[in-house]
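Scroll down for the structure; my scribbles are underneath it.
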Amino acid sequence: MRTRALVLAASGAVALSALAVPAAQAATPAAGPAVTFSQLKVNSGKNIVVGSTAQVTVSATYTVTKPANLDPNSFATLPVLYRGDTLGPNSDDLLAGDDVGTCTTSSSTVLKCSAKIQFRPKSSDQDLDLFSSEAGTWKLGALAGDADEATTWQGGLGSTHLQRKATLTTDASPEPVKKGRTITVTGKLSRANWDTNKYAGYSTQPVKLQFKKKGATTWSTLKTIKSSSTGALKTTTKATADGYFRYVFAGTTTTSPVNSSADFVDVQ
């Protein structure tokens, strides 16, 4: 992944961090503001799910602890997602929002902050693109920078899953059908491809076929099958009573869970 450049602004003074500069060219970083971060929560602790084309913006909240004599307007803060063992100026995989965080003073030493983080599939701005290979687990961290581009980094603030959005369909036939006859249930499991801005079949994944009798409130699992190499689903079951069929996918680290719409079958 190409590292996303991070822009810090402190009290109107612009500090463009050198995060996109190769490590061999970057100067030894100066010590940044003497702050620490805690209680970082991204997207309210939920997974971040991104479709094939639309930008997804999530909120992040966090606490900054600082010395009482450090002016909160002398530095800016930014929550980030990263991969690798450590977070720092030479990290290869970084994701952050377009703007720095907004902080309010809770006490002389504590700031309560929030920020927005944008996630974009393939677009005209390649520095900000997501690639499908980037779906999965990301660690959470944050940084603070001043107008002299001195930066403080802190990793190990949690983790999140950045997931490709899944879609799922169900079609049960024939309908109506006589009791005891065979019902064929087809469908397709797909997920967003951030490289092509399209959805494509998700292969060899376990998917549950569920049934809910007409008038009932709960679903029962009839069987679990695997999607084909193109994401197609197909299985059979016996017609026992009027009711609804659906496929259910539990999700993976890289792909969101999804339930299909229910398809009603009239059993005569």
Check your understanding: Ignoring ligands, DNA and RNA, what percent of the accessible area of the chain is carbon or sulfur (1.4 Å)?
Key -> 49
Practice item. Could you list which residues have their amide H under 5 Å from that of GLY243, counting only those 5 or more apart in sequence or on another chain, with H placed in the peptide plane? Key: LYS214, VAL265, VAL267
Review point. In a solvent-free Debye calculation with one equal scatterer on each Cα, what is log10 I(q)/I(0) for the chain at q = 0.08 Å⁻¹, listed in the order of the q values?
Key: -0.46
Exercise for review: Just the Kirkwood number for the range 151-268, please: inverse of mean 1/r across all distinct Cα pairs, in Å, one decimal.
Suggested key: 15.6
Point to revise | q = 0.16, 0.20 Å⁻¹: log10 I(q)/I(0) that the Debye formula gives for the range 98-210, counting C-alpha atoms only | key: -0.97, -1.20
Check your understanding: Got a sec? Charge dipole of the chain, +1 on Cβ for Lys and Arg, -1 for Asp and Glu; which of PRO257, VAL185, GLY101 is way out at the positive end?
Key -> VAL185
Exercise for review: Report, in debye and to the nearest 20, how large the dipole of the chain comes out about its Cα centre when Lys and Arg carry +1 and Asp and Glu carry -1 on their Cβ.
Suggested key: 1920
Practice item. May I ask for the net charge around HIS161, where only other residues with Cβ less than 13 Å from the Cβ of HIS161 are counted and Lys, Arg are +1 while Asp, Glu are -1? Key: +4
Practice item. Report, in debye and to the nearest 20, how large the dipole of the range 56-109 comes out about its Cα centre when Lys and Arg carry +1 and Asp and Glu carry -1 on their Cβ. Key: 220
Point to revise | Relative contact order (percent, whole number), the chain, Cα cutoff 8 Å, 6+ residue spacing | key: 19
Practice item. Please figure out what share of the DSSP beta bridges in the chain is antiparallel and state it in percent, rounded to the nearest 5. Key: 90
Practice item. Give the accessible area for SER261 in Å² (nearest 10); use a 1.4 Å probe, count only protein heavy atoms, and leave out ligands, DNA and RNA. Key: 90
Review point. Which value, in debye to the nearest 20, describes the size of the charge dipole of the range 99-255 about its Cα centre when Lys and Arg Cβ atoms bear +1, Asp and Glu Cβ atoms bear -1, and nothing else is charged?
Key: 1760
**Study point:** Accessible surface, the chain, averaged per residue in Å² (probe 1.4 Å)
**Key:** 49
**Study point:** Spin-label model distance (nm) - LYS46 vs LYS212, 7 Å beyond Cα toward Cβ
**Key:** 1.9
Practice item. In Å and from the alpha-carbon atoms only, list the Rg and Dmax of the range 125-183. Key: 24.3, 77
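The values are calculated or read from the model by the stated rules, or taken from the named source; none is laboratory data. Keep in mind the model is a prediction, meaning the values are calculated, not measured. Because the Cβ atoms are built from the backbone with ideal geometry, glycine has one as well, and the counts that use them run over all protein chains shown. The area values use the complete protein model at the heavy-atom level, side chains included, leaving out ligands, DNA and RNA. Shrake-Rupley method; radii C 1.70, N 1.55, O 1.52, S 1.80 Å.
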